[in-house]
Amino acid sequence: MRKNYLLTPGPTPIPPQVAEAQARPIIHHRTPQFQAVLKEVNEGLEFIFQTTGDVFILTSSGTGAMEAAVVNLLSPGDSAICVEGGKFGERWIELCSAYGITPEVIKVEWGKAVDPQEIRSKLQAPSSKLKPKAVFTTLCETSTGVATDIEAIGKIVKETDAVLVVDAISGLGAVDLKTDAWGVDVCVSGSQKGLMLPPGLAFISTSIKAWEKINAAKCPKYYFDLKAAKKALDSTDTPFTPAITLVIALSEALKMMRQDGLENIFKRHKLMADATRAAMIALGLELFAPTAGSDVVTAVKAPAGIDGEKLVKTMRDTYGVTIAGGQAELKGKVFRIAHMGFIEEFDIIVGISCLEKVLRQMGYKFELGAGLKAAQEIFLR
């Protein structure tokens with residue numbers, strides 16, 4: 001017999017009451033019963049997004065919401081600033097390019113956060129003759145474990161005609177993101193991260209400034225047309241068949257989060273991040289993003305002589321503890337331990353314990369229990 005532990009940056013573990021909600025008999029979506037659920041969910045999403053604006057639910061992965069942001073805000077031939085500091089920053093570039101939008105790329109060294117002043121410079125003096133109409137960036141770059149200073153970027157973009165679009169797929173509901181107060185015009189997220197659901201739902205919020213762009217945008221769209229979504233939302237409905245079961249489960253997850261309170265949720269994630277990083281340092285390991293670490297996932301450099309991919313595979317297949325490996329150029333070079341969503345301190349303790357065991361088996365030299373001791377000292381504060 002073996003228990004499985006999920007410490008990946010999506011999907012994340014699902015609370016029992018959320019899992020139970022998915023087992024209930026399905027109801028029809030064009031009914032007062034589902035409308036009541038949808039109304040409750042919409043209010044809960046506004047709470048999580050920290051916005052008074054509209055939040056739309058899409059039946060897709062988070063990338064669907066990213067695509068919706070691009071096609072609803074821009075027109076072919078437009079220019080947009082894309083911050084690329086990891087695998088998911090690259091996605092903004094790819095989406096813009098797919099729709100004939102010129103990406104003004106700010107290339108950031110992987111493992112570091114973008115300097116907001118670089119965005120200011122790009123807005124003031126774009127490399128092309130086109131004035132950027134949007135700035136696309138990422139709250140938490142899960143491929144590198146980096147957090148971005150969205151508040152500082154928001155102040156800069158707010159002074160211009162451009163809109164700020166934030167990929168908060170892995171950060172929403174885990175770290176603070178004051179959508180309205182920080183000037184985030186469009187925020188996108190997904191269900192399988194901090195919101196503690198299976199994959200399948202995406203979310204996108206819009207500001208008044210964003211709607212000025214939406215009403216003028218000429219990119220082709222149909223399923224991801226936010227004008228259609230807005231018309232349906234005003235009647236507490238959806239333009240197409242929603243993922244009914246996931247929406248009902250979302251209502252349970254949002255109830256849990258509202259009961260906990262955002263500040264407590266953010267504090268819990270910081271505590272687990274601090275404990276994880278303290279453990280890695282105590283084991284003599286090097287953090288991949290030591291100066292800009294995110295509280296949702298910690299990226300760690302594999303020690304010399306240790307194959308990061310083999311480490312991840314052994315933890316998963318032999319001991320049932322699933323962490324994430326490196327992506328793209330970081331494959332085999334880093335491993336990532338997530339601490340977001342329905343995860344608490346003893347999940348982290350199990351993950352560190354398994355990591356120590358496998359590192360020792362692979363020949364890495366360190367004092368056994370050093371990581372556990374460091375993590376426990378953080379948890380005991």
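Values in this text are rule-based calculations from the coordinates and carry no lab data. The structure displayed is predicted, hence computed values, not measured ones. Counting neighbours? That spans all protein chains shown, and the Cβs are built from the backbone with ideal geometry, glycine included.
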Seminar exercise, completed: Once phi for every residue in segment 141-156 is put through the Karplus expression 6.51 cos²θ - 1.76 cosθ + 1.60 (θ = phi - 60°), the whole-Hz ³J(HN,Hα) values, with Gly and Pro written as x, are 7, 5, 6, 10, x, 9, 9, 9, 7, 5, 4, 5, 5, x, 4, 6
Seminar exercise, completed: Where a ≥ b ≥ c are root eigenvalues of the Cα gyration tensor, a/c under 1.5 meaning rounded, otherwise prolate if a/b exceeds b/c and oblate otherwise, the chain counts as oblate
For this session: Determine the percent antiparallel among the DSSP beta bridges restricted to the chain, to the nearest 5.
Result: 55 percent
Exercise. Once you charge only the Cβ atoms, +1 for Lys and Arg and -1 for Asp and Glu, what is the size of the charge dipole of segment 28-138 about its Cα centre, to the nearest 20 debye?
Worked result: 240 debye
Problem set entry | Residue pairs, from the table 267/313; 178/218; 133/267; 87/310; 112/357; 178/331, whose Cα atoms sit over 27 Å apart | 267/313; 178/218; 133/267; 112/357; 178/331
For this session: Determine, for 339, 269, 29, the number of other Cβ atoms within 10 Å of each Cβ, and report the residues in order from fewest to most.
Result: 29, 269, 339
Exercise. Rounded, prolate or oblate: which one fits segment 1-60, using the alpha carbon gyration tensor with axes a ≥ b ≥ c (rounded when a/c is under 1.5, else prolate when a/b beats b/c, else oblate)?
Worked result: oblate
For this session: Would you mind working out the magnitude of the charge dipole of segment 16-259 relative to its Cα centre, with +1 at each Lys and Arg C-beta and -1 at each Asp and Glu C-beta, to the nearest 20 Debye?
Result: 400 debye
Exercise. Can you give the extra length, in nm with one decimal, that the chain gains between residue 124 and residue 47 once fully stretched, where that is 0.36 nm per residue apart less the Cα-Cα distance?
Worked result: 24.3 nm
Exercise. What order do you get for 167, 115 when you list them from fewest to most C-beta neighbours inside 10 Å?
Worked result: 115, 167
Seminar exercise, completed: Taking 56, 346 and counting other beta carbon atoms within 10 angstrom, the fewest-first order is 346, 56
Exercise. Nearest-5 percent of antiparallel DSSP beta bridges in segment 159-235?
Worked result: 60 percent
Seminar exercise, completed: Helix 62-73: inclination vs the chain longest Cα principal axis, degrees, rounded to 10, gives 30 degrees
Problem set entry | residue 326 long-range amide H proximity, modeled H, under 5 Å | 332, 333, 334
Exercise. Ranked highest first by average number of other Cβ atoms within 10 Å, how do 189-199, 251-261 line up?
Worked result: 189-199, 251-261
Exercise. By per-residue mean of other Cβ atoms within 10 Å, what is the highest-first order of 59-66, 93-100, 48-55?
Worked result: 59-66, 48-55, 93-100
For this session: On a C-alpha basis, how far is the centre of segment 304-378 from the centre of segment 19-56 in Å? Whole number, if you could?
Result: 36 Å
Exercise. So how far apart, in nm, are the two label points at residue 2 and residue 362 if each is 7 Å from Cα heading toward Cβ?
Worked result: 1.7 nm
For this session: State, as an integer percentage, the relative contact order of the chain based on alpha-carbon contacts under 8 Å between residues 6 or more apart.
Result: 23 percent
